[in-house]
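J.: What follows is a single structure, and I will ask about it in a moment.
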Amino acid sequence: MIKYSLVLVYFFFTFPAFAVSITVSSIEALQKAISKAVPGTTIILKNGMYKTKADIEINCAGTKEHPIVIRSQSIGGAVISGKGGFNLVSPAANIVIKGFKFTHTASHARSATGTRFCRWTRNIFETPGNGEYLTIAGDDHEIDYNTFQNKKEMGRILAIRGEGKQVAARLHIHHNYFYNFPDQGGANGAETLQFGLSGLSLSFSNSIVEYNLFEKCHGENELISVKASGVTLRYNTIRDCPAQFTLRHGNYCNVYGNFFFNTPGLRIYGDDHNIFSNYFENCSQAITIGNGGAEVADGAPLTSHDRPDRVLIAFNTLINNKKNIVLQARQNGLGATAITIADNLVQGGEEAVVLLGPLKDGSWKNNWLYNVSSPGDMPAGSFKNENPKLTKDKNGIYRVSAGSPVIAAGNADFKVVTVDMDGQPRQGKWDIGADQYSNAKTIAHVLTLTEVGALARGIR
């Protein structure tokens, strides 16, 4: 009898009797179900058109094992328009928002400060008006397989915020599709992804932004604007976006394994970043080193264009870009210091390097040039000029082929450079450029629409 009672107690606490599924067909019923939700509750909104008069507030909490799921009957089937969207407020935790199409007024989808471990997945965002599509200020959230499309007015598509001087921490932003954000006339404040703010920039986020596809997004001159420290941005594909991927404020970011096509490439400010194993093709400019307007480490305002210091730019492949590596001009600029430019492969385009400002204590070594108009400001002795014998793969990507002279010609001096652009490990003797000639398993490639966004194939 005692043993039987213990089994019942174990069953009660392991498989909660309150785990239920509720189907609703109105905003009022949805809000009521949310207010009563407990760990394990799934709330399904029937397919249809729903118009809100105010935000749908969520302040309940699930658990890791038993989250509270709020979802559309089918992906994109429940459309929420009107004045309000989902507003997750403290102490909301372990909440999943899944499968909705949001056409309500902008700036009404958010996870506020104090929220944790919530997930926005397989939603379609197309919210009109000035403001943000989605704002994340809490910690430990996941934003995955969403489609953010057709933004026509000012504001950010995805804005990452924080609390006090601390940016949101430990976020995982992956497999999202960002599409069609036309130029907003040159005004500031229309980034596709703004990660942080200048006042948060010295705080560490320890977040990962990976496997996202950006197509035809302009908004303003910055496509991605990172204003935080300790962010990893990897394995993203940026295509036909006339705006730069910018490390604007902050330090210690890692940018690797990204594919850039027909964009203004990457621009760098701040200290101690690692830029490696990226692929740039047909860009108006590939890698831009910012010319510092001030030095934050010496007390300059956080809003400054902080001088780039101790940045590693290594093992990148640059193919047929109009401009390759440029240190930009600035009147009375501080330039950059201690930049390492090593083991990069540059094929085609204008000068390999153009320095329009001072570079102090730069380190140049073992780069590989071919068919560029000239080395430009790349110092003699820091490069070899020879055909690397690259070949195009089935996706049109220039890769190292058998017999290429860049195989095993790289330096293995940079311990941070652990993988190539395919996520294959750098082992043994390293190859110059972004691609390691290897039979190891690949974990990254140029992304297509079928792999990302709310309608990605093979995702439940």
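Taken together, the values in this text are just the output of simple stated rules run on the coordinates, not laboratory data. Here the structure is a predicted model, which means the values were calculated and not measured. Glycine gets a Cβ as well: all are built from the backbone with ideal geometry, and neighbour counts include every protein chain shown.
J.: Which of the following values of percent of Cα pairs over 35 Å apart was calculated from the structure shown: (1) 35; (2) 28; (3) 47?
T.: Correct label, based on the coordinates given: (1).
J.: Percent of Cα-Cα pairs more than 16 Å apart in region 26-77, please.
T.: When every Cα pair of region 26-77 is considered, 43 percent fall beyond 16 Å.
J.: Of the peptides 400-406, 143-149, how do they stack up when ordered by the mean number of other Cβ atoms within 10 Å, highest first?
T.: Details: 400-406: 16.7, 143-149: 24.1.
So the order, starting with the most tightly packed, is 143-149, 400-406.
J.: Give the cross-link partners of residue 165 among the lysines, using a straight C-alpha distance below 24 Å as the criterion and excluding same-chain residues fewer than 8 apart.
T.: Result set, ordered by chain and number: 227.
J.: Under 27 Å from the Cα of residue 441, which lysines turn up, not counting those fewer than eight places away in the same chain?
T.: Of all the lysines, those that pass the test against residue 441 - Cα under 27 Å, at least 8 places apart if same chain - are 389, 392, 394, 415, 429.
J.: Please say if region 220-267 is rounded, prolate or oblate, where rounded means a/c under 1.5 for a ≥ b ≥ c the square roots of the C-alpha gyration tensor eigenvalues, and otherwise the choice is prolate for a/b larger than b/c and oblate otherwise? Before the final figure, lay out the partial values.
T.: On the way: a/c = 2.90, a/b = 1.38, b/c = 2.09.
In terms of gyration-tensor shape, oblate.
J.: What is the chain's relative contact order, in percent, from Cα pairs under 8 angstrom and six or more apart in sequence? Intermediate values should be presented prior to the final figure.
T.: Values: 1492 pairs, mean separation 37.4, N = 460.
Reported as a whole number, the value is 8 percent.
J.: Something else about it: Between 0 and 90 degrees, rounded to the nearest ten: what's the tilt of helix 2-14 against the longest Cα principal axis of the chain?
T.: 60 degrees
J.: May I ask you to order 333-339, 273-279 by the average number of other C-beta atoms within 10 Å around their residues, highest value first?
T.: Values: 333-339: 20.9, 273-279: 25.6.
Put in order of decreasing packing, that is 273-279, 333-339.
J.: On to the next question. Looking only at the chain, where both bridge partners belong to it, what percent of the DSSP beta bridges are antiparallel (to the nearest 5)? Don't skip to the answer; put the middle values down first.
T.: On the way: 7 of 134 bridges.
Counting only bridges with both partners in the chain, antiparallel ones make up about 5 percent.
J.: Here's something else I'd like to know. Using only the alpha-carbon atoms of region 379-425, report the extent along each of the three principal axes, biggest first, to the nearest angstrom.
T.: Extents along the principal axes, in whole Å: 34, 27, 18.
J.: Rounded to whole Å and ordered largest first, report the semi-axes of the equivalent ellipsoid of region 273-339 derived from its Cα gyration tensor (root of 5λ).
T.: Details: eigenvalues 125, 37, 14 Å².
Rounded to whole Å, the semi-axes are 25, 14, 8.
J.: Please report, in debye to the nearest 20, how large the charge dipole of region 46-177 is about its Cα centre when each Lys and Arg carries +1 at its beta carbon and each Asp and Glu carries -1 there.
T.: Numbers: 18 positive and 11 negative charges, 57 e Å.
In debye, rounded to 20, region 46-177 gives about 280.
J.: State the antiparallel share, in %, of DSSP beta bridges confined to region 99-230, rounding to the nearest 5.
T.: 5 percent
J.: Which distance in nm do the two modelled labels at residue 297 and residue 449 give, with both placed 7 Å along the Cα-to-Cβ direction?
T.: Once both label points are built, they end up 4.6 nm from each other.
J.: Per Stokes-Einstein, at 20 °C and 1.002 mPa s, what whole-number D in µm² s⁻¹ belongs to region 110-248, with the Kirkwood radius over Cα pairs as the hydrodynamic radius?
T.: Numbers: Rh = 14.5 Å.
Roughly 148 µm²/s, to the nearest whole number.
J.: If you don't mind, another one. Rounded to the nearest 10 degrees, what's the angle between the helix 27-36 long axis and the longest principal axis of the chain, both from Cα atoms, 0 to 90?
T.: Computed tilt is about 90 degrees.
J.: So what's region 349-454 giving for Cα Rg divided by 2.2 N^0.38 Å, two decimals? Numbers along the way, then the final one.
T.: Details: Rg = 16.0 Å, N = 106, 2.2 N^0.38 = 12.9 Å.
Relative to the 2.2 N^0.38 Å estimate, region 349-454 comes out at 1.24.
J.: Helix-only estimate, please: 222 nm mean residue ellipticity of the chain, summing -39500 (n - 2.57) across DSSP H runs of length 4 or more and dividing by its residues, to the nearest 500. List each step's numbers first, then the result.
T.: Details: 2 runs with 23 residues, N = 460.
Mean residue ellipticity, 222 nm, calculated: -1500 deg cm²/dmol.
J.: Another question, then. Positive end of the charge dipole of the chain (Lys, Arg +1 and Asp, Glu -1 on Cβ, about the Cα centre): tell me which of 235, 380, 333 has its Cα farthest that way.
T.: The listed residue farthest towards the positive side: 235.
J.: Between region 209-260 and region 420-460, what is the C-alpha centre distance in whole Å?
T.: For region 209-260 versus region 420-460, the Cα centre distance is 17 Å.
J.: Additional query: With +1 on the Cβ of every Lys and Arg and -1 on the Cβ of every Asp and Glu, and nothing else charged, how large is the dipole of the chain about its Cα centre, in debye rounded to the nearest 20? Intermediate values should be presented prior to the final figure.
T.: Details: 45 positive and 39 negative charges, 295 e Å.
Charge dipole of the chain: 1420 debye, to the nearest 20.
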